[in-house]
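Student: I'd like to ask you about the structure that follows.
Coordinate-derived values only; no laboratory data. Bear in mind that the values here come from a model prediction, so they are computed numbers and not experimental data. Note: ideal-geometry Cβ built from the backbone for every residue, glycine included; neighbour counts use all protein chains shown.
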Number of protein chains: 2
Amino acid sequence: MDPIKVGLLGFGTVGSGTFTVLRRNQEEIKRRAGRGIEVARIAVRNPAKAIAALGDAAGSVQVGDDFNSVVDDPSIGIVAEMIGGTGIARELVLRAIASGKHVVTANKALLAVHGTEIFAAARAKGVMVAFEAAVAGGIPIIKALREGLTANRIQCIAGIINGTTNYILSEMRERGLDFATALKGAQAHGYAEADPTFDIEGIDAAHKLTIMSAIAFGVPVQFDRAYIEGISKLAGIDIKYAEDLGYRIKLLGITRRTERGIELRVHPTLISAKRLLANVEGAMNAVEVHGDAVGATLYYGKGAGAEPTASAVVADLVDVTRLHTADPEHRVPHLAFQPQSLSDTPILPIDEVTSGYYLRLRVADVTGVLADITRILADAGISIDALLQKESEQIADNGETDIVIITHETLEKNVNAAIACIEALETVVSRVTKLRIEALN
Amino acid sequence: MDPIKVGLLGFGTVGSGTFTVLRRNQEEIKRRAGRGIEVARIAVRNPAKAIAALGDAAGSVQVGDDFNSVVDDPSIGIVAEMIGGTGIARELVLRAIASGKHVVTANKALLAVHGTEIFAAARAKGVMVAFEAAVAGGIPIIKALREGLTANRIQCIAGIINGTTNYILSEMRERGLDFATALKGAQAHGYAEADPTFDIEGIDAAHKLTIMSAIAFGVPVQFDRAYIEGISKLAGIDIKYAEDLGYRIKLLGITRRTERGIELRVHPTLISAKRLLANVEGAMNAVEVHGDAVGATLYYGKGAGAEPTASAVVADLVDVTRLHTADPEHRVPHLAFQPQSLSDTPILPIDEVTSGYYLRLRVADVTGVLADITRILADAGISIDALLQKESEQIADNGETDIVIITHETLEKNVNAAIACIEALETVVSRVTKLRIEALN
């Protein structure tokens, strides 16, 4: 059988990684897929640069800057969208679908924001849209959620799904750096972009979490409902205090099914240092999934980079190659659940989320301050799991001292109300820093 | 569409777990699979006991002791073999295939030993034989290897794939127990069977490793070529010395592609305590897979138990339900590679394997003994990475002392030859205890 022909849109990190892996492992891939898979055309803004990068391989592929002509080319069976973003990428994906092409994409933003539109279009045309590379790079987490755990009523997912922020947090903890210094180091090492906003403010993680949440619980993608808090305001002192209390701080994406709705939130989170997830360091990713039958499972690997991401793109190309001539009803539904079976379970606003909390505040070291604070918490029905008052040697010259409180699980809005009361105390001389704690059960 | 009907053979831990999970999550599973999946018949040696165990659910299913009549029943679409072993299970699986049934099995021994025969029969009849539950219980590792990592030339797999032995090793290390005491505790807690041979001698792990090796490298299952060494002879002192040197001892299944052949071996192994894999404790399983594109990935979860194993069985039932009416060529090949593309790369005998080594021996504390030993190693071309001589307080009254040597990577047969020379020294008063070290790269 002739190889199936792929049209690559974009030739940046992921696009060129995909080309390299497909070419290097073509024999092994063919032994698995039963059919060759080859990149026949590449559309890219700067063809000359791509041709230079291709080197010896340039002769095997047609490179140009006309994206539409690749998408429309009847000899192309699969369009691999490696451009990113929600502008031209959306138009090209929809155009590819309209012309009956199967699509493979690594574009988390596109699917988290426009997934409903794209999957509906794909269904109407009977084509596949595969997106393993959109979440956690080379870790086959989409396949695990959509196919490997189908027996389960999935209860919750908690993941380290942004390598940039995990690298920064590891550096802050291990080397005692503040955020700005750690960010500069991450940029120098190529782990953070010149404009790091998408990563450090949690937006990238929220895109990925939105996709996993839809697949896990059978709900539409609803990125606009996600609660998102990044790490740019995280203080080094909180990483240290957390460690003193047996916790590590990770930027987690958490999505959980509760009786009142679905939690969908990204924020810095304290987790017990004993958990495997807490020990995922540097730019690595890991996703912990809890199912009612399987219990806890965890998936770990590289979440970014040319070849790890290409690993997921090519796995999707193999899946599409195997299944593209099969009856669409035999395929796994895009969002894991049959489209007519999606649920309208609401996404919970952050105020309605239940969590444990870490509260840090600075107080004047006068009699009765602790009694006032604990009274406020008790009146709000919030019970205290641990309390850390820094010892006298650490008290500032002005007699002020830090207090750290770990609470049991409680409703976010109750904690916020209590914090407002605490901040109104005259003896409390700082705002209250609030971080969430995840027990992972 | 009517539900697809499953015939369960056997109603022990996994069979009853499968029934429970399918029943409890039937709505969720149907939302995913697009079709109901129901257990219509159960064949079991003692139907009365099964009916009692079924309780209220007994009315929904036909229970009997005639295994053949379930396998032959034309209304049954999928036979789920939950008997285990290589006797009657093999006959029933082949009979099911011959009558055109798809098969789901958790039977690692059957596939590791008779896989070639069974997969050939299934191919000839165009039916699926799915076996996610055969390796690492609820962790979807078969799917990850067969589908999630298809882009990669897989380089090596190292796994904790037997929960019983991992539990025993955790207890030995954490509580300083000897093997016999830890085994008794494992039996008391239900983590080890009354006859624990299959687990503690590494046979169960070797069955699972054999299956993963075939899928990873595209070779036939060759259980008879596996090197197998269990933990029953492991001394507590080696766990302690290993820990002093920064290692933990795990029973690992290791399979690796080398230029000279494929390694396929199960034995107690030292791994750096810093690795995630070293921190998998208790009865949990984890598999680390290295691919040339993706790098290292790790998969963690419960490797045994009724519902974790049922999670994998039901995932297979969903896969078969989706794909059973599709053209067989669209399915993933049983052993991940197209059957005509299997490789005849040989399995390396253990003598030809390269590894680091931990050597422990007892010597008379006389001048020159260390010089003699290090001279023997140097003459054999074996370089020393670390050497631990217990200090005087730990020397026995008779002046004897333990020496522990960590070597760099070298050929097993060279180490064996050097050990023979060391044991022939008059100053060496014990046999040499040899354990392998895995760098996981």
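Student: Copy-to-copy spacing for A:GLN26, label 7 Å out on the Cα-to-C-beta vector, in nm, shortest first?
Tutor: 5.2
Student: Now, a different point. Calculate how many DSSP beta bridges within the protein assembly as shown are antiparallel, expressed in % of all such bridges and rounded to the nearest 5.
Tutor: Given both bridge residues lie in the protein assembly as shown, the antiparallel proportion sits at roughly 70 percent.
Student: Another question, then. Which lysines, on any chain, are close to A:LYS240 with Cα under 22 Å apart, when same-chain ones fewer than 8 places away are left out?
Tutor: Candidates past the 8-residue exclusion: A:LYS184, A:LYS250, A:LYS274, A:LYS390, A:LYS434, B:LYS274.
Student: Lysine pairs in the range A:1-160 with Cα distance under 17 Å, only those 8 or more apart or on different chains: how many are there?
Tutor: Taking the Cα cut-off of 17 Å, the pair count is 4.
Student: Using only alpha carbon positions, build the gyration tensor of chain A, then give the equivalent ellipsoid semi-axes as the square roots of 5 times its eigenvalues, largest first, whole angstrom.
Tutor: 46, 24, 17
Student: Which whole-angstrom value gives the distance between the alpha carbon centres of the range B:181-254 and the range A:31-56?
Tutor: Each part reduced to its Cα centre gives a spacing of 45 Å.
Student: Suppose a student asked you for the relative contact order of the range A:141-301, using Cα pairs under 8 Å spaced at least 6 residues apart; what percent would you report?
Tutor: Values: 296 pairs, mean separation 55.8, N = 161.
Averaging sequence separation for qualifying contacts and normalising by length gives 35 percent for the range A:141-301.
Student: Shifting gears a bit: May I ask you to evaluate 6.51 cos²θ - 1.76 cosθ + 1.60, the Karplus curve with θ = phi - 60°, for each residue of the range A:260-270 and list the ³J(HN,Hα) values in order in whole Hz, giving x for glycine and proline?
Tutor: 9, x, 9, 7, 8, 8, 10, 6, x, 9, 7
Student: Only Cα pairs under 8 Å and at least 6 apart count here; give the relative contact order of chain B as a rounded whole percent.
Tutor: 16 percent
Student: Can you pull the mean other chain C-beta count within 10 Å for peptide B:130-141? Walk me through the numbers on the way to the answer.
Tutor: On the way: counts 0, 0, 3, 0, 0, 0, 1, 3, 10, 7, 11, 2.
Counting Cβ atoms of other protein chains within 10 Å of each residue's Cβ and averaging gives 3.
Student: Another question about this same structure. If we hang a label 7 Å off Cα along the beta carbon direction at B:HIS189, how far is it from the matching labels on the other copies, in nm, shortest first?
Tutor: Between copies, matching label points for B:HIS189 lie 3.6 nm apart.
Student: For helix B:306-323, report the angle its Cα long axis makes with the longest principal axis of the Cα atoms of chain B; keep it between 0 and 90° and round to the nearest 10°.
Tutor: 50 degrees
Student: One decimal, nm, shortest first: give the distances between the label point of B:GLU400 and those of the same position in the other copies, each label point 7 Å from Cα along Cα→Cβ.
Tutor: The projected label point of B:GLU400 is separated from its counterparts by 6.7 nm.
Student: Given the rule -39500 (n - 2.57) for each run of at least 4 DSSP H residues, summed and divided by the residues of the protein assembly as shown, what is its mean residue ellipticity at 222 nm, to the nearest 500 deg cm²/dmol?
Tutor: -10500 deg cm²/dmol
Student: Quick one: A:HIS102, A:HIS334, fewest Cβ neighbours within 10 Å first, how do they rank?
Tutor: A:HIS334, A:HIS102
Student: Also, I was wondering about something else. Using amide H atoms built 1.01 Å from N in the peptide plane, name the residues 5+ places from A:TYR247, or on other chains, whose amide H lies under 5 Å from its own.
Tutor: A:ALA273
Student: Would you look at the GNM of chain B, springs on alpha carbons closer than 10 Å, and say which of B:ALA380, B:ALA371, B:ALA188 moves the most?
Tutor: Result for chain B, Cα springs under 10 Å: B:ALA371 fluctuates most.
Student: What is the average number of partner chain Cβ atoms found within 10 Å of a Cβ in B:30-37?
Tutor: 6
Student: In sequence order, what are the phi-derived ³J(HN,Hα) couplings for the range B:115-130 according to the Karplus relation 6.51 cos²θ - 1.76 cosθ + 1.60 with θ = phi - 60°, rounded to whole Hz, with x for glycine and proline?
Tutor: Once θ is set to phi - 60°, the couplings for the range B:115-130 become x, 4, 5, 5, 5, 5, 5, 5, 4, 4, 9, x, 10, 9, 10, 10 Hz.
Student: Convert each backbone phi in the range B:374-386 into a coupling constant with the Karplus relation 6.51 cos²θ - 1.76 cosθ + 1.60 (shift: θ = phi - 60°), then list the ³J(HN,Hα) values in order as whole Hz, x for Gly and Pro.
Tutor: 3J(HN,Hα) across the range B:374-386, in whole Hz: 5, 5, 4, 5, 4, 4, 7, x, 9, 9, 9, 8, 7.
Student: Considering only the range A:141-301, what is the antiparallel percent among its DSSP beta bridges, to the nearest 5?
Tutor: Percent antiparallel among DSSP bridges in the range A:141-301 is about 95.
Student: Something else now. Using the reciprocal of the averaged 1/r over all distinct C-alpha pairs, how large is the Kirkwood radius of the protein assembly as shown in Å?
Tutor: After inverting the mean inverse Cα-Cα distance, the result is 29.2 Å.
Student: With an 8 Å Cα cut-off and a minimum separation of 6 or more residues, compute the relative contact order for the range A:4-130 in percent.
Tutor: 25 percent
Student: Would you mind getting me the FRET efficiency between A:ASP292 and A:ASP195? Use the beta-carbon distance for r and R0 = 41 Å, nearest 0.05.
Tutor: Once the sixth-power term is evaluated, E becomes 0.50.
Student: Here is a follow-up. So how far apart, in nm, are the two label points at A:ARG260 and B:ALA417 if each is 7 Å from Cα heading toward Cβ?
Tutor: For the pair A:ARG260/B:ALA417, the computed spacing is 7.3 nm.
Student: How far is helix B:412-423 tilted, in degrees, relative to the longest principal axis of the Cα atoms in chain B, given as a value from 0 to 90 rounded to the nearest 10?
Tutor: It works out to around 40 degrees.
Student: Give the long-range amide H neighbours of B:THR269: residues separated by 5 or more places, or on another chain, with amide H under 5 Å away, using H modelled in the peptide plane at 1.01 Å from N.
Tutor: For B:THR269, the qualifying residues are B:LYS250, B:LEU251, B:LEU252.
Student: Can you give the FRET efficiency to the nearest 0.05 for A:GLN26 and A:SER383, using r as the Cβ-Cβ distance and R₀ = 41 Å?
Tutor: E(calc), rounded to 0.05, equals 0.10.
Student: May I ask for the Kirkwood hydrodynamic radius of the range B:99-180, worked out over all distinct Cα pairs and given in angstroms to one decimal?
Tutor: Every distinct Cα pair counted, the radius reaches 15.4 Å.
Student: In terms of modelled amide H atoms, which long-range or inter-chain residues lie less than 5 Å from the amide H of A:ILE228?
Tutor: Under 5 Å from the amide H of A:ILE228: A:VAL266.
Student: I would also like to ask the following. Go ahead and set up a Gaussian network model of chain B, Cα springs under 10 Å, then flag whichever of B:VAL280, B:VAL63, B:VAL366 fluctuates most.
Tutor: B:VAL366
Student: State the residue of chain A whose Cβ is nearest the axis carrying A onto B, and the distance in whole angstrom.
Tutor: Residue and rounded Å distance to the axis: A:ALA326, 2.
Student: What distance in nm separates the two pseudo spin-label positions at A:LYS233 and A:MET1, each 7 Å out from Cα along the beta-carbon direction?
Tutor: Label at A:LYS233, label at A:MET1, 5.5 nm between them.
Student: Need one number: nm distance between label points at A:GLU243 and B:GLN338, each 7 Å from Cα along Cα→Cβ, rounded to one decimal.
Tutor: Those two pseudo-labels are separated by 5.4 nm.
Student: If you take every DSSP beta bridge whose two residues both sit in chain B, what share of them, in percent to the nearest 5, is antiparallel?
Tutor: 70 percent
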